[in-house]
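The values are calculated or read from the model by the stated rules, or taken from the named source; none is laboratory data. Just so we're clear, the structure is a prediction, and the values are computed from it rather than from any experiment. Virtual Cβ from ideal backbone geometry, glycine too; neighbours counted across all protein chains shown. With ligands, DNA and RNA removed, areas are computed over all heavy atoms of the protein, side chains included. Shrake-Rupley method; radii C 1.70, N 1.55, O 1.52, S 1.80 Å.
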Amino acid sequence: MWGGRFAAGPDAIMEAINASIGFDKRMAAQDIEGSRAHAAMLAATGIITDSDAEAIREGLLTVLSEIEGGTFQFSAALEDIHMNVEARLKALIGAPAGRLHTGRSRNDQVALDFRMWVRDQVDAAIDGLEALMRALVAQAEAGADWVMPGFTHLQVAQPVTWGHHMLAYVEMFGRDVSRFRDARARMNESPLGAAALAGTGFPIDRQMTAEALRFDRPMANSLDAVADRDFALEFLANASICAMHLSRLAEELVIWSSAQFRFVRLSDGFSTGSSIMPQKRNPDAAELLRAKIGRIMGAMVGLFTVMKGLPLTYSKDMQEDKEQVFDAADSLMLALAAMEGMAKDMVAQTEALEAAAATGFSTATDLADWLVRALGMPFRDAHHVTGALVAMAEGKGCDLPDLSLAEMQSVHADIKEGVFEVLGVHNSVASRTTFGGTAPARVREQVATWKERLG
């Protein structure tokens with residue numbers, strides 16, 4: 001590969017550290033697609049003959065079929081997917097294979113392959129997110145009226161609806177989709193034709209190859225084209241945020257499926273047992289998913305560390321960009337699929353949810369709001385009166401609705417019978433009718449909106 005510059009081959013250790021074929025063979029389809037577009041452009045511009053371009057095209061299709069069929073023999077001595085493909089192409093078609101690399105370098109070739117591979121992963125992540133969102137919207141629609149506790153500090157705060165809680169994650173994942181789409185638009189520029197770093201003297205048509213490979217345009221600076229890995233960093237950053245959202249939902253499923261909460265039941269397909277305790281039903285899928293953020297965020301930090309001190313343009317350090325991205329993409333797609341499965345299968349335990357919603361003086365804020373509306377009391381005064389009533393109920397070992405009117409009037413004489421109309425959890429959620437609120441009517445509106453968006 002090195003031609004006449006070197007008298008001897010690399011040391012075995014150098015060969016081992018230098019080779020990337022063990023992992024970059026995952027980009028075989030992108031490499032061959034890019035080479036086919038490059039060959040077609042070389043023929044269209046008269047740089048190679050049509051017959052050579054046709055031989056290259058047919059040969060590359062043969063190589064692809066061998067790789068997809070599992071019969072291709074990868075060689076570490078050939079370093080990477082690019083040279084493995086080119087060597088096999090030469091064995092198949094002879095001299096025309098040597099013309100394929102005209103006007104191109106491995107620098108812009110690997111930048112192209114990697115960018116196309118990441119673009120495909122972005123598309124897959126968007127599809128996976130939207131499938132998960134549909135599952136959560138279905139849960140929200142089914143449970144628009146189901147009452148559950150809303151928490152702050154993991155303490156019961158106010159009643160909310162199951163549908164409202166599910167839609168909170170739909171909103172988060174919707175922003176993840178938006179981030180991935182934004183990133184895709186930025187990365188959708190072709191580095192092919194930048195050659196090693198300075199462009200090429202051959203009369204290539206970069207617009208032609210960009211269009212053939214579904215890019216919006218060629219990258220405008222050849223140095224940037226071969227040096228840029230922003231697209232991979234942005235993918236990892238977006239994947240980390242998405243994994244964080246998945247981890248938060250997974251944490252809730254772990255808590256909710258516990259014997260102490262019993263809010264949800266996860267299906268057998270996403271639960272495991274114990275080797276020694278026959279009663280155990282462990283939410284292992286949720287726990288493993290909860291941990292994926294560590295791998296994905298670790299990949300992001302790793303690639304930032306690789307790139308942070310590199311001068312322009314290409315350095316061999318950049319070979320360390322791919323394994324981390326490959327692993328993060330695999331982890332993200334597995335996590336999305338697992339969470340979609342759990343979201344489809346999980347069963348809300350509505351009686352336990354409603355019972356928990358009524359604990360912890362969850363309607364105290366409703367009581368304070370009633371004092372403001374019905375008695376014209378300043379909110380801070382209403383807050384104080386409500387706090388005194390909570391203390392009274394706590395001392396009696398009961399909840400607010402269990403206090404008698406006389407007991408309430410002993411704290412504030414103007415309290416009337418109508419106060420009890422706001423103290424039930426269903427009354428509480430029904431009253432939260434502002435846009436973005438938890439009232440069942442608002443939940444159904446948002447469900448309809450998301451169903452239309454997701455199709």
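Structural remarks
- The angle between the Cα long axis of helix 364-375 and the longest principal axis of the Cα atoms of the chain comes to about 60 degrees, rounded to the nearest 10.
- Charge tally in the Cβ shell below 11 Å around residue 400, where Lys, Arg are +1 and Asp, Glu are -1, residue 400 excluded: -4
- Exposed chymotrypsin sites (Phe, Trp or Tyr not before Pro) absent: longest stretch of the chain, with sites in DSSP loops and at most 13 other Cβ within 10 Å deemed exposed: 7-434
- With protein chains left intact and a 1.4 Å probe, residues in the chain average 46 Å² of accessible area per residue.
- Non-local lysine pairs in the chain, meaning eight or more places apart or on different chains, with alpha-carbon distances under 28 Å, amount to 16.
- Nearest-10 value in Å² for the accessible area of residue 316, using the 1.4 Å probe: 90 Å²
- Across the chain the C-alpha pair distances fall into 10 Å bins from zero in the proportions 4, 17, 21, 18, 14, 11, 8, 5, 3, 1, 0 percent.
- Per-pair calculated FRET efficiency, R0 = 35 Å: residue 207 and residue 13 via Cβ, rounded to 0.05: 0.20
- Residue list for region 228-244, given a label point 7 angstrom along the Cα-to-Cβ vector of residue 312 and an amide N cut-off under 12 Å: 228
- Dipole check for region 12-102: with +1 at the C-beta of Lys and Arg, -1 at the C-beta of Asp and Glu, and the Cα centre as origin, the magnitude is about 40 Debye.
- Considering only 358, 447, 74, the residue lying farthest towards the positive end of the dipole of the chain is 74, judged by Cα position with unit charges set on Cβ.
- Of the solvent-accessible surface of the chain, computed with a 1.4 Å probe over protein heavy atoms with every protein chain present, carbon and sulfur atoms account for 54 percent.
- FRET efficiency for the pair residue 155 and residue 217, taken as 1/(1 + (r/R0)^6) with r the Cβ-Cβ distance and R0 = 51 Å, rounds to 0.45.
- Counted charge near residue 349, where neighbours are those whose Cβ lies closer than 12 Å (Asp, Glu -1; Lys, Arg +1): 0
- Acute angle (nearest 10 degrees) that the helix 230-256 long axis makes with the longest principal axis of the chain, alpha-carbon atoms: 30 degrees
- Förster-model FRET efficiency, 25 Å R0, residue 62 and residue 23, C-beta, rounded to 0.05: 0.60
- Computed from Cα atoms, the angle from the helix 28-44 axis to the main principal axis of the chain rounds to 50 degrees.
- Label-point separation in nm, residue 375 to residue 391, each point 7 Å along Cα→Cβ: 1.5 nm
- Remark: the residue 449-residue 185 segment gains 92.5 nm on full extension, using 0.36 nm per residue and subtracting the alpha carbon distance.
- Environment charge at residue 47 (Cβ cut-off 14 Å; Lys +1, Arg +1, Asp -1, Glu -1): 0
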